[in-house]
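So the structure is just underneath, and the comments pick up after that.
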Amino acid sequence: MFRIMKYLKESKAAVLAVIVLLVLQAACDLALPQYTSNIVDVGIQQNGIEYAVPKQMRAETWEDLQLLIPDTDLELFLESYEEDTDGSYHLTRKGKKQQEELESCLALPLVFLYSLEDASATITREQLREALEMGMLTKEELLASMEESKASMGDMGESMLAQRAVLAVQGEYEALGLDLHDIQMGYLWQSGAKMLGISIVITLTAVLVGLLSARTGAKIGRNLRERVFHKVVSFSGAEMDRFSTASLITRSTNDIQQVQMVAVMLLRMVIYSPILGIGGVIKVSNTRTGMSWVIGVAVGAILLLVVILMSIAMPKFKKMQQLVDRLNLVAREILTGVSVIRAFSREQHEEERFDAANRDLMKTQLFTNRVMNFMMPVMMLVMNGITVLIVWVGAKGIDMGSLQVGDMMAFITYTMQIVMSFLMLTMISVMLPRAGVAAGRIEEILETKPMIEDKNDLPNGQRLPAEWKGEVTFEHVSFHYPGAEGNALEDLNFTARPGETTAVIGSTGCGKSTLIHLIPRFYDVTKGAIKLDGIDIRDIPQETLRKQLGFVPQKGVLFSGDIRSNLKFGGEEISEEDMKEAARIAQAEEFIKEKPDGYDSHISQGGTNVSGGQKQRLSIARAIAKKPKVFLFDDSFSALDYKTDVVLRKALKGKTGDAAVIIVAQRISTILHADQILVLDEGRIAGIGTHEELLASCEAYQEIAKSQLSEAELGGVGV
């Protein structure tokens with residue numbers, strides 16, 4: 001999760017905006033239950049009268065209340081009302097806080113005053129007034145009597161007093177001739193309008209949060225793909241060997257998608273849940289229902305369930321990504337080698353291998369899905385059980401008069417919001433382990449330091465030449481692959497000069513391709529040095545070095561697009577004339593012209609819509625069009641027939657007169673006229689010289705020649 005939070009830091013402004021919007025949304029969500037409660041308690045049960053404070057009263061009520069209000073509160077009462085022209089009084093202090101203060105001092109006097117109008121009352125309001133005026137009863141004695149009446153109500157005194165005070169206000173309104181139905185409907189319409197406005201705000205904030213979250217998640221995914229791709233492109237052969245291609249594809253797609261999805265959910269749910277939960281707890285504490293312990297029971301049950309399920313599911317989430325890698329690897333191997341599989345009639349075997357990998361992944365996914373599916377109904381059971389518990393406990397409070405129906409409804413809603421906040425956290429906690437594993441795999445790539453990096457400065461103030469010649473020198477070069485026990489190449493010494501062709505030949509596995517791959521720094525030498533024009537290639541920036549090289553791999557590689565885009569792959573500076581000349585030299589012009597669209601002919605992914613020989617010629621033409629100072633041919637003529645091979649090499653000789661040419665070959669006929677031939681035997685140079693010199697002096701070369709050339713071609717040399 002901390003890694004995902006690190007990715008979110010890159011979009012601080014959007015995250016901050018989301019947090020502000022979520023606080024606003026939570027405040028609105030938490031306000032709605034109170035409005036619902038007020039509609040039931042105030043709008044329906046109290047006819048729209050919210051406080052036990054008359055907004056309008058008769059003159060006699062005004063005068064009588066002064067007799068029943070303690071002197072400490074009398075000033076507040078007198079300041080809160082003004083006389084109308086008709087002799088009645090109206091409320092001037094209509095703020096919520098002011099009305100609550102007035103209610104605390106008016107509730108008991110109102111109830112007492114209106115109890116005198118009851119038919120069972122032993123004294124009337126007029127008689128009470130006369131008794132006070134004649135001194136038969138003092139104000140202090142009257143107030144003490146009222147407090148005794150309140151105390152006799154017991155624990156339910158405050159609740160019963162508030163309800164009776166509201167009834168007294170209703171009686172006052174009726175005495176004034178006010179329509180209680182209009183008051184009630186006005187309150188309901190006002191409350192409904194406020195709830196509608198709050199709902200609109202909730203909708204707008206939810207839409208904005210969704211938009212910002214989606215954009216932020218997409219940005220994280222884009223940045224991660226860009227960084228991972230940039231990193232992978234910088235990998236040397238050692239890093240590519242460490243991470244399989246299938247794993248790199250999975251990490252660049254599936255893993256990043258997991259992180260992106262969880263980042264969105266973090267913004268939309270994980271941040272919102274604690275805000276909603278804390279707000280719900282605060283609201284519940286203000287309801288004064290005495291049922292806060294129910295929330296503790298609910299949260300405890302949910303946390304216990306989460307701990308149990310996560311302890312079971314966590315290992316499976318970690319294993320799932322490895323199984324995805326495995327499935328991708330098997331699928332890639334099968335799809336890449338489908339022709340070989342068919343040729344050997346191994347379809348059933350490969351299907352079984354794929355099915356095994358597929359089933360392993362399926363079983364793990366089914367297990368984790370069952371855990372998630374089991375969690376939801378259990379959570380709903382907990383939520384419904386809590387609702388039943390609240391109704392059961394709350395019904396007793398309503399029956400006793402200590403709780404109102406609306407308060408119980410609000411408590412249920414707030415409790416469900418608190419439980420839902422934990423439920424949302426639980427749902428995301430199920431996804432976080434898998435996303436955490438995915439983020440770890442992504443970071444493993446990003447934190448991998450390539451073995452081959454550019455140096456900041458050349459040693460001893462040395463400068464790169466303005467014009468490269470293309471002389472390649474191997475000085476006591478040895479190399480071994482990472483993790484290998486022995487050297488693949490051992491103490492190689494030779495120079496490939498501009499204008500000359502240097503050929504490398506030897507048995508399979510002797511290190512020919514390895515030698516070629518060291519020059520572009522696909523790997524770095526482990527001992528010795530390779531120099532270009534006298535400068536160690538490790539001191540030359542990779543981009544500068546590779547611009548001087550024209551590399552043709554053993555297996556021709558083409559990219560989706562057209563022929564023109566493939567031939568100009570070396571750079572936009574390649575002109576149409578250079579491209580067409582390269583095609584002519586590579587003997588590709590003839591089959592290109594035969595295509596209806598010529599150089600605009602489509603090339604499918606991997607060049608599967610051209611033959612092996614055509615693919616190889618296009619690869620050679622691509623290198624020629626670049627006009628490099630050093631040509632590297634890694635057995636690049638093996639897919640060509642002898643006639644095309646001869647014509648191509650002849651045309652190539654005329655084009656590469658000022659460039660160094662290094663050719664790895666299996667066929668002696670390809671390198672007969674090379675200026676120097678290196679014979680490799682188990683990574684060492686067994687001989688170096690021209691064809692004639694090696695026939696005379698090198699036993700290893702003689703064995704190769706004897707296996708490929710006739711007696712006449714051998715020229716009578718004894719082998």
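The values are calculated or read from the model by the stated rules, or taken from the named source; none is laboratory data. Remember, it's a predicted structure, so these values are computed and weren't measured experimentally. Heads up, the Cβs are rebuilt from the backbone with ideal geometry, glycines too, and the neighbour counts pull from every protein chain shown.
Quick look at the numbers
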| read-out | value |
| --- | --- |
| Qualifying residue in region 143-150 (condition: at pLDDT 85 or above, of a type outside the set (A, V, I, L, M) and surrounded by 14 or more Cβ atoms within 10 Å (Cβ to Cβ)) | no |
| Residue count, region 1-31 (criterion: over 19 Å from residue 208 (Cβ atoms) and part of a helix (DSSP H, G or I)) | 8 |
| Which numbered condition residue 380 misses (of (1) within 27 Å of residue 277 (Cβ to Cβ); (2) in contact with an Asp or Glu (Cβ under 9 Å, 6 or more places away or on another chain); (3) surrounded by fewer than 13 Cβ atoms within 10 Å (Cβ to Cβ)) | (2) |
| Criterion violated by residue 346 - all others in (1) surrounded by 14 or more Cβ atoms within 10 Å (Cβ to Cβ); (2) within 22 Å of residue 434 (Cα to Cα) satisfied | (2) |
| Within region 539-562, tally of residues that are surrounded by 18 or more Cβ atoms within 10 Å (Cβ to Cβ), hydrophobic (A, V, I, L, M, F, W, C) and either over 13 Å from residue 618 (Cα atoms) or out of contact with any Asp or Glu (no Cβ under 7 Å at 6 or more places or on another chain) (or both) | 5 |
| Qualifying residue in region 60-74 (condition: out of contact with any Leu (no Cβ under 7 Å at 6 or more places or on another chain) and within 30 Å of residue 197 (Cα to Cα)) | no |
| Condition check for residue 332: of a type in the set (Lys, Arg), surrounded by fewer than 14 Cβ atoms within 10 Å (Cβ to Cβ), within 26 Å of the chain's Cα centre (by Cα) and modelled with pLDDT under 85 | no |
| Residues within region 22-56 that are under 23 Å from the mean Cα position of the chain (by Cα) and surrounded by fewer than 20 Cβ atoms within 10 Å (Cβ to Cβ), tallied | 1 |
| Members of region 542-558 found to be in contact with a Leu (Cβ under 8 Å, 6 or more places away or on another chain) and within 16 Å of residue 531 (Cα to Cα), listed by number | 544, 545, 548, 549 |
| Long-range neighbours under 8 Å by Cβ, at least six apart or interchain, first residue polar (S, T, N, Q) and surrounded by 16 or more Cβ atoms within 10 Å (Cβ to Cβ) within region 473-488, second at pLDDT 85 or above and assigned to a loop (DSSP other than H, G, I, E, B) | 473/534; 478/487; 478/525; 478/526; 487/480; 487/526; 487/683 |
| Among the candidates 85, 72, residue that is in a loop (DSSP other than H, G, I, E, B) and either free of Cβ contacts under 8 Å to residues at least 40 places away in the same chain or of a type outside the set (Ser, Thr, Tyr) (or both) | 85 |
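Conditions (1) under 14 Å from residue 655 (Cα atoms); (2) of a type in the set (S, T, N, Q); (3) more than 41 Å from the chain's Cα centre (by Cα), marked per residue:
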{"residue": "570", "(1), (2), (3)": "no, no, no"}
{"residue": "574", "(1), (2), (3)": "no, no, no"}
{"residue": "590", "(1), (2), (3)": "no, no, yes"}
{"residue": "607", "(1), (2), (3)": "no, no, no"}
{"residue": "612", "(1), (2), (3)": "no, no, yes"}
{"residue": "616", "(1), (2), (3)": "no, yes, yes"}
{"residue": "624", "(1), (2), (3)": "yes, no, yes"}
{"residue": "629", "(1), (2), (3)": "yes, no, yes"}
